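J.: Pasting in a structure now, in structure tokens, and then I'll have a few things to ask.
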Amino acid sequence: MDIGLLNEKVTFQKNTVITDSIGNHKNGWEDFYTCHATIGGEGMASSKEKEEAGTIVEDVGMTVTIRYCKKASEIGSTTHRIVFRDEIYDITNVDHMNFKKKSLKLSCRKVRR
């Protein structure tokens, strides 16, 4: 893995249960892990249009490649999401790259807000 390509900073957030001051429980996101990554296929190259609720919207995806570590190995597609340049991306797939423990490749889709 070429370290020079890890030129973008990404933050992984984990879905957790948060208790407020009066004891109510609700789901929330808290920062889990921040690292440098290689971003691939972001923007128009992986952009598609799809119809949602009667309107045509842009469906933007990208891949994120990070170095393997114990903390990164805990990342799952249902429990984590990525924040990159103040945009939120849902993780759709986690590829462990043949389980060689060198890198992880994550496929992501941009969240519509």
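No lab work stands behind these numbers, since they all come straight from the coordinates. Predicted model only: the values in this text are computed from it and were never measured. Every residue, glycine as well, gets a Cβ built from its backbone with ideal geometry; the counts of neighbours run over all protein chains shown.
J.: Can you figure out the FRET efficiency of Lys9 with Thr92, using R₀ = 25 Å and their beta-carbon distance, to the nearest 0.05?
T.: My answer for the efficiency is 0.75.
J.: Order of Ser77, Ser21 from fewest to most other C-beta atoms within 10 Å? Don't skip to the end; give the middle numbers.
T.: Values: Ser77 14, Ser21 5.
Fewest-to-most Cβ neighbours within 10 Å comes out as Ser21, Ser77.
J.: Can you give me the distance in nm between label points at Thr16 and Asp31, each placed 7 Å from the Cα along the Cα-to-Cβ direction?
T.: With each label placed 7 Å out from Cα toward Cβ, I get 1.3 nm.
J.: In nm, to one decimal, how far is the modelled label at Lys101 from the one at Thr78, with both set 7 Å along Cα→Cβ?
T.: Calculated label separation equals 2.6 nm.
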